[in-house]
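The values are calculated or read from the model by the stated rules, or taken from the named source; none is laboratory data. The structure presented is a predicted model; accordingly, all values stated were derived computationally and were not measured. Here the Cβ positions follow ideal geometry from the backbone for every residue, glycine too, while neighbour counts run over all protein chains shown.
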């Protein structure tokens, strides 16, 4: 009963693996084809810009002396373990939630791989307007953001319906 459900839920990991692969391929591409800080404008509001993030979100603690590399990697690994456990315990009627968790997991692993391997996260997506610049990010960050939004939507609108349907 629970073990077969766990194995079925692990199929969501294929989405996570796809995110990790695509994220790493794009990071490799931009790291090979752009110099650090180089920007290629595609639209007036969008560029490819190679950046290395030594900190966490929005370069938080980027200049902390190096300890943050292992601190953020450890936190990410603990969170990833929790996400896998959560995923295996979901019931069959939680596809939206399972997808959200798979996106979060794939994005987190994509960034933690960089952090452990290089000591920084490779970013390349740059959104800007005139003098305003959003921090440069990557596909793993996109997956994390979409997954987090989906978790909020699930908790606000779908969880109550699931609980009511179980009664």
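Residue-wise test of (1) more than 24 Å from residue 47 (Cβ to Cβ); (2) in contact with a helix residue (DSSP H, G or I) (Cβ under 8 Å, 6 or more places away or on another chain).
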residue: 119; (1), (2): yes, yes
residue: 127; (1), (2): no, no
residue: 138; (1), (2): no, yes
residue: 142; (1), (2): no, yes
residue: 150; (1), (2): yes, yes
residue: 158; (1), (2): yes, yes
residue: 166; (1), (2): yes, no
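Here are 129, 113, 120: which of them is more than 14 Å from the chain's Cα centre (by Cα) and at pLDDT 95 or above? Among 129, 113, 120, only 129 is more than 14 Å from the chain's Cα centre (by Cα) and at pLDDT 95 or above.
Output the residues belonging to the range 6-57 that are in a loop (DSSP other than H, G, I, E, B) and loosely packed, with under 13 Cβ neighbours inside 10 Å. 35, 36, 37, 44 - these are the residues of the range 6-57 that are in a loop (DSSP other than H, G, I, E, B) and loosely packed, with under 13 Cβ neighbours inside 10 Å. For the range 145-153, does any single residue satisfy the condition of being modelled with pLDDT of 95 or more and either under 20 Å from residue 32 (Cβ atoms) or touching a strand residue (DSSP E or B) at 6+ places or on another chain (Cβ under 9 Å) (or both)? Checking the range 145-153: at least one residue is modelled with pLDDT of 95 or more and either under 20 Å from residue 32 (Cβ atoms) or touching a strand residue (DSSP E or B) at 6+ places or on another chain (Cβ under 9 Å) (or both). Checking each residue in the range 85-107 for being in a helix (DSSP H, G or I) and at pLDDT below 95 picks out 85, 86, 87, 88, 95.
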